[in-house]
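A.B. asks: Below is the structure I would like to discuss, written out as structure tokens.
The values are calculated or read from the model by the stated rules, or taken from the named source; none is laboratory data. From a predicted model like this one, the values you see are computed outputs, not experimental measurements. Every residue, glycine as well, gets a Cβ built from its backbone with ideal geometry; the counts of neighbours run over all protein chains shown.
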Amino acid sequence: MIVVLTGPTASGKSSMALSLATKGPLAQRLEIISMDSAQVYRGMDIGTAKPSPEERAAVPHHLIDLIDPWQAYSAARFRDDAKSAIADIRRRGRIPLVVGGSLLYGRALEGGLSSLPETEATIREAVACEAKERGWPGMHAALAQVDPITAARLMPHDAQRISRALEVFRMSGRPISAWISDQAGTEPTKEQETLQWISLEPHDRSWLHQRIAARFKQMLMHGLLEEVSRLMAQPGMHPTLASMRAVGYRQCLQWLLGQAKKGNSLEDQGIAATRQFAKRQLTWLRSMPERRVVACDDAGAEAAAVAAWLALTQPS
């Protein structure tokens with residue numbers, strides 16, 4: 001069994017994990033495994049709210065800065081990397097704590113992903129070129145024609161997942177929903193981890209919205225736009241990469257390319273996109289009745305998280 005500390009973006013997951021690892025009954029016993037699909041990329045520091053060097057020196061962190069932003073990463077690779085990190089941490093007699101909001105990665109670690117076919121670079125490039133002409137809402141409409149089940153759960157601008165679903169269909173001739181359905185009901189194997197979820201969720205959604213706005217403003221002040229510009233200047237970088245589809249990075253890149261929506265500032269667009277991202281995360285979390293919810297906007301959130309941890313990990 002392994003505990004996952006999750007929640008929507010800006011809910012305070014990283015700071016909570018650091019508190020758990022440095023204070024109270026779990027102090028000096030925890031090591032953190034990042035469950036963040038953007039923190040794996042080197043050079044993407046500001047927009048991912050990556051832990052600082054001082055924080056990473058205070059508490060060991062894993063699965064951060066694994067690859068360059070022009071390289072590919074997947075939920076399946078996360079599963080393998082996380083399992084390896086968990087085994088190493090346990091061999092040292094310490095306790096792994098998985099922290100992050102990339103819920104698909106958590107599902108992969110839990111063993112709930114079907115074995116989707118790998119797609120060829122030519123197909124990915126063809127989808128990307130088509131998206132330039134039609135736009136992602138147009139690609140979403142195309143997906144609805146061949147895989148209405150997947151299209152119904154995706155937002156029209158969710159470029160990464162729309163692209164992946166179209167790639168799988170064009171590669172295999174089967175919709176991605178059919179591949180996932182094949183896996184449904186499969187009994188877990190001995191190699192799969194049992195996950196216990198602690199989810200930081202606010203009572204008051206406006207509390208989260210205020211934190212999202214303040215954090216994105218701070219990211220811009222600390223040089224997020226310049227970070228994206230530096231990244232795009234590197235060989236191998238292009239706008240259709242998965243790394244550049246991450247929330248915040250996509251809006252900055254569109255701004256730099258002159259493709260941003262007219263009439264709104266970069267700040268407004270980044271905040272709006274992050275709020276939509278948080279809304280999708282909360283929707284997913286609310287479909288997980290087994291999670292233990294901690295009100296992150298409550299003064300007693302840290303004590304509640306410790307109590308949830310102890311309830312999950314101590315024998316009854």
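A.B. asks: Please verify whether the range 294-308 includes one or more residues that are surrounded by fewer than 17 Cβ atoms within 10 Å (Cβ to Cβ) and either basic (Lys, Arg) or within 21 Å of PRO69 (Cβ to Cβ) (or both).
C.D. replies: No - not one qualifying residue is present in the range 294-308.
A.B. asks: I need the full set of residues from the range 270-292 which are crowded, with 16+ Cβ neighbours inside 10 Å and closer than 17 Å to TRP136 by Cα, in order please.
C.D. replies: ALA273, PHE277
A.B. asks: Related question: Considering the range 35-50 alone, what residues qualify as being within 15 Å of the chain's Cα centre (by Cα) and either at positive phi or not polar (S, T, N, Q) (or both)? Let's see the steps before the verdict.
C.D. replies: Of the residues in the range 35-50, the ones within 15 Å of the chain's Cα centre (by Cα) are 35-41, 44-45, 47-50.
The answer is MET35, ASP36, ALA38, VAL40, TYR41, MET44, ASP45, GLY47, ALA49, LYS50.
A.B. asks: I'm checking my understanding of the structure. Among residues of the range 256-298 that are free of Cβ contacts under 8 Å to residues at least 40 places away in the same chain, under 19 Å from the mean Cα position of the chain (by Cα) and in a loop (DSSP other than H, G, I, E, B), which one is farthest from TRP207 (Cα to Cα)?
C.D. replies: SER287
A.B. asks: Counting only residues that are surrounded by fewer than 19 Cβ atoms within 10 Å (Cβ to Cβ) and touching a Lys or Arg at 6+ places or on another chain (Cβ under 8 Å), which one in the range 76-110 is nearest to MET1 (Cα to Cα)?
C.D. replies: Residue satisfying both the conditions and the ranking: ILE95.
A.B. asks: Of the conditions (1) closer than 25 Å to LEU241 by Cβ; (2) without any contact (Cβ under 8 Å) to a residue 40 or more places away in the chain; (3) outside the structural domain of ALA49 (by TED's automatic domain parsing); (4) not hydroxyl-bearing (Ser, Thr, Tyr), VAL127 fails just one. Which one is it?
C.D. replies: The failed condition is (2).
A.B. asks: Ok, one more. Out of ASP45, ASP36, I need the residue that is charged (D, E, K, R), touching a residue at least 24 places away in the same chain (Cβ under 8 Å) and touching a Gly at 6+ places or on another chain (Cβ under 7 Å). Which one?
C.D. replies: Details: ASP45 fails: touching a Gly at 6+ places or on another chain (Cβ under 7 Å).
Every option except ASP36 fails the conditions.
A.B. asks: Hey, another quick one. Just checking, which of ARG280, ARG245 is closer than 28 Å to GLN71 by Cβ, at pLDDT below 95, touching a helix residue (DSSP H, G or I) at 6+ places or on another chain (Cβ under 6 Å) and not assigned by TED's automatic domain parsing to the domain that holds HIS157?
C.D. replies: Working: ARG280 fails: touching a helix residue (DSSP H, G or I) at 6+ places or on another chain (Cβ under 6 Å).
The match here is ARG245.
A.B. asks: Related question: If the requirement is being in a loop (DSSP other than H, G, I, E, B) and either modelled with pLDDT of 95 or more or farther than 24 Å from LYS279 by Cα (or both), which of these qualifies: GLU118, GLU130, GLU167?
C.D. replies: Numbers: GLU130 fails: in a loop (DSSP other than H, G, I, E, B); GLU167 fails: in a loop (DSSP other than H, G, I, E, B).
GLU118 is the lone residue from the list that is in a loop (DSSP other than H, G, I, E, B) and either modelled with pLDDT of 95 or more or farther than 24 Å from LYS279 by Cα (or both).
A.B. asks: In the range 189-230, which residues are in contact with a Gly (Cβ under 8 Å, 6 or more places away or on another chain), of a type in the set (Val, Ile, Thr) and surrounded by fewer than 19 Cβ atoms within 10 Å (Cβ to Cβ)?
C.D. replies: Result: THR189, single match.
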